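Written out below as structure tokens is the structure these notes cover.
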Amino acid sequence: MPMRYSLLIIFIVLTGCEKPPKNAHYQWHLPAEFPKPIVPFDNPMSNEKVALGRHLFYDKNLSANRSQSCASCHQQAYGFGENIKQSIGSTGQTHRRNAQALINVGYNKTFTWAHDKLTSLEAQILIPLFGEQPIEMGVTGNETAILNRFKTAQYQALTQQAYGDSRLDFDRIVKALASFSRSLISLNSPFDRYAYHMQDGQLTKKQLRGMSLFFSEQLECHHCHGGFNFTQSTTHERQQLDLRAFHNTGLYNVAQKYSFPIEDTGLYEITGKPQDVGRFRAPTLRNIELTAPYMHDGSIATLAEVIDFYAAGGRNISGGKHQGDGTKNPLKSQFVKGFTISKVQKEELLDFLSTLTDEDFINNPAIADPFIQEQSPKH
């Protein structure tokens, strides 16, 4: 199959030979010869740290008012995302952005929707924990009370196993959460079995035609959603290229000081560069059919509508608060220029995108809520 081999060639070109830090007795669940995520030297992976992080990830005691856990906004059934437009914090505050799915985040070059300086999971995790505008977990000012909740026999044992003693502070909490997040590897979709395990029967002829469309210059999807993780925002132990994976897709073009809604101007908020208005990180397309709604603000409901949006070369909003023709946004990416696609081709493309769904990942008991499993009756 020529398409398969061209994919493998692209994968090889994007790799080099730089070595990552060693992680004692941790086994990554990756296809043979696949590159490993980059891991900080001060937070090596271990099974014990992942186990502690998994418990913390699902524990509502980590929020000040005990109403939410990390898993409240990052649900396994939705690829560790959620099925609402914009997240709601533990105090009921609606956020301006859609919760990103935690799929292969160990490979992310940057984190959140629009921050080119946020390059580690450890740094990113501080935001939902300690952030005050908006409040997510509400840890700030409540650190002592929250830590006291984890002085239980179970957490002392988990901490002892992970760190060699039972002292649990927020530095260790953040590192354990980052370790668990890095362990969320999704590389066993039908596409993976076809492309990397050479199993010809994994994709139908219709899905293969959709794959050809996806990687074609006609649609140009692969320019922003390329590589093995289907996003430019990728780094790993052999990565040599440093791509700027933020794009203005013509989602808005409002008539005001900025061409994007003032409540979220994207990467511009970090860089202050006018050319970065409306630029957001291209997310992974893995498990994409599970992670609706789409875009940074959840403003597009379905994958079919996403294809229509890109086919039009942006979005023309005819009335209301955000009225304006995004197809004419002067900062729009050169790759979002519109294309012609038939009804049959659209169905083929959607069918291909469905092959990126990893059923093993979303049903894996090893990354599910451990408290439910621990409370289940033993047989």
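The values are calculated or read from the model by the stated rules, or taken from the named source; none is laboratory data. This one's a predicted model, so the numbers in the text were calculated from it and none came from an experiment. Heads up, the Cβs are rebuilt from the backbone with ideal geometry, glycines too, and the neighbour counts pull from every protein chain shown. Ligands, DNA and RNA are excluded from the accessible area calculation, which covers all protein heavy atoms including side chains. Shrake-Rupley method; radii C 1.70, N 1.55, O 1.52, S 1.80 Å.
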>> Full-extension gain between residue 344 and residue 42, please, as 0.36 nm times their residue separation minus the C-alpha to C-alpha distance.
In response: 103.6 nm
> Among residues other than residue 304 whose Cβ falls under 13 Å from its Cβ, what is the net charge (Lys/Arg +1, Asp/Glu -1)?
Replying inline: -4
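Efficiency by 1/(1 + (r/R0)^6): what FRET value for residue 140 and residue 77, r their Cβ-Cβ distance, R0 = 51 Å, to the nearest 0.05?
According to the calculation, E is roughly 0.95.
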> When the Karplus curve 6.51 cos²θ - 1.76 cosθ + 1.60 is applied with θ = phi - 60°, which whole-Hz ³J(HN,Hα) does each residue of the stretch 171-177 get, with x for Gly and Pro?
Replying inline: 4, 6, 4, 4, 5, 5, 4
> If one puts a single equal scatterer on every Cα of the stretch 89-146 and applies the Debye formula without solvent, what log₁₀ I(q)/I(0) results at q = 0.28, 0.30 Å⁻¹?
Replying inline: -1.23, -1.29
> Given q = 0.15, 0.24, 0.26 Å⁻¹, what are the Debye log10 I(q)/I(0) values for the stretch 286-363, with equal point scatterers placed on the Cα positions and solvent ignored?
Replying inline: -0.63, -1.23, -1.31
> Can you give the net charge of the other residues whose Cβ lies under 15 Å from the Cβ of residue 263, counting K and R as +1 and D and E as -1?
Replying inline: +2
> Roughly what would the spin-label model give for residue 258 and residue 147, points 7 Å off Cα along C-beta, in nm?
Replying inline: 3.7 nm
> At 37 °C and 0.692 mPa s, what whole-number value in µm²/s does Stokes-Einstein give for the translational diffusion of the stretch 103-179, with Rh from the Kirkwood sum over Cα pairs?
Replying inline: 237 µm²/s
>> I'd like to know how the chain sits against the 2.2 N^0.38 Å rule of thumb: what's its Cα Rg over that expected value?
In response: 1.01
>> What number comes out for accessible area per residue over the chain if the probe is 1.4 Å? Units Å², please.
In response: 46 Å²
>> Please list 3J(HN,Hα) in residue order for the stretch 252-257, calculated via the Karplus relation 6.51 cos²θ - 1.76 cosθ + 1.60 where θ = phi - 60°; whole Hz, with x for glycine and proline.
In response: 9, 7, 7, 8, 7, 4
> What percent of all Cα-Cα pairs in the stretch 198-266 falls in each 5 Å bin, counting up from 0?
Replying inline: 3, 12, 15, 15, 15, 15, 12, 6, 4, 2, 1
>> If I histogram all Cα-Cα distances within the stretch 212-304 using bins 5 Å wide from 0, what percent of pairs lands in each bin?
In response: 3, 12, 19, 22, 20, 15, 8, 2, 0
> Given 117/337; 151/175; 206/343; 117/273; 117/257; 257/337, which pairs have Cα atoms separated by over 20 Å?
Replying inline: 117/337; 117/257; 257/337
> Quick one: in the stretch 100-242, what % of C-alpha pairs are over 19 Å apart?
Replying inline: 66 percent
> Using 1/(1 + (r/R0)^6) with R0 = 56 angstrom and r between the beta carbons of residue 216 and residue 374, what's the FRET efficiency to the nearest 0.05?
Replying inline: 0.70
> Residues with beta-carbon under 15 Å from that of residue 165, excluding residue 165: net charge, scoring Lys, Arg +1 and Asp, Glu -1?
Replying inline: +2
> Given H placed on each backbone N at 1.01 Å, which residues far from residue 234 in sequence or on other chains put an amide H within less than 5 Å of it?
Replying inline: 109
> What FRET efficiency comes out for the pair residue 206/residue 360, r = Cβ-Cβ distance, R0 = 30 Å, nearest 0.05?
Replying inline: 0.85
> Quick one: if you stick a label point 7 Å off each Cα along the C-beta vector at residue 119 and residue 304, how many nm between them?
Replying inline: 4.3 nm
> In whole percent, how big is the carbon plus sulfur part of the accessible area of the chain, probe 1.4 Å, protein atoms only?
Replying inline: 54 percent
> Taking Cα atoms of the stretch 330-379, Rg/Rh with Kirkwood Rh, to two decimals?
Replying inline: 1.34
> Taking GluC sites (Glu not before Pro) that fall in a DSSP loop and have at most 14 other Cβ atoms within 10 Å as cut points, what is the longest piece of the chain between them?
Replying inline: 34-216
